[in-house]
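Down below is the structure, laid out as structure tokens.
The values are calculated or read from the model by the stated rules, or taken from the named source; none is laboratory data. Note that the structure is a prediction, hence the values are computed from the model and not measured. Side chains included, ligands, DNA and RNA excluded: accessible areas come from the protein's heavy atoms. Shrake-Rupley method; radii C 1.70, N 1.55, O 1.52, S 1.80 Å.
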Amino acid sequence: MIPEISQKDDSQTIFCFTSDTDWASDYIWREMHELYEEYNIPATYFVTHDCPFLKQLKTNNKVVLGIHP
């Protein structure tokens, strides 16, 4: 598990998480998204393949999806 993340309110702080999820299973997408939700981190996922879980998130307006060439 990752160490505790500070909840400091700093509107100038920007984080960019990147990971290679090319052809990752729904399980991996779910684990990653749950972590982002836990810490209230907005997500934009760049998609390389069909993923039912991401379609569900997009339908519920929980993420932004982009195309990864």
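Could you check the stretch 56-69 and list, in sequence order, the residues that are outside any helix (DSSP H, G or I) and charged (D, E, K, R)?
Within the stretch 56-69, just Lys62 meets the criteria.
Of all residues in the stretch 26-43, which are open to solvent by less than 60 Å² (accessible area, probe 1.4 Å) and not acidic (Asp, Glu)?
Trp29, Met32, His33, Leu35, Tyr36, Tyr39, Ile41, Ala43
Scan the stretch 27-50 for residues that are among the charged types (D, E, K, R) and modelled with pLDDT of 85 or more and jot them down.
Arg30, Glu31, Glu34, Glu37, Glu38
Considering each residue of the stretch 16-55, count those that are in a helix (DSSP H, G or I) and either among the charged types (D, E, K, R) or more than 13 Å from the chain's Cα centre (by Cα) (or both), and give that number.
Residues in the stretch 16-55 being in a helix (DSSP H, G or I) and either among the charged types (D, E, K, R) or more than 13 Å from the chain's Cα centre (by Cα) (or both): 8 in total.
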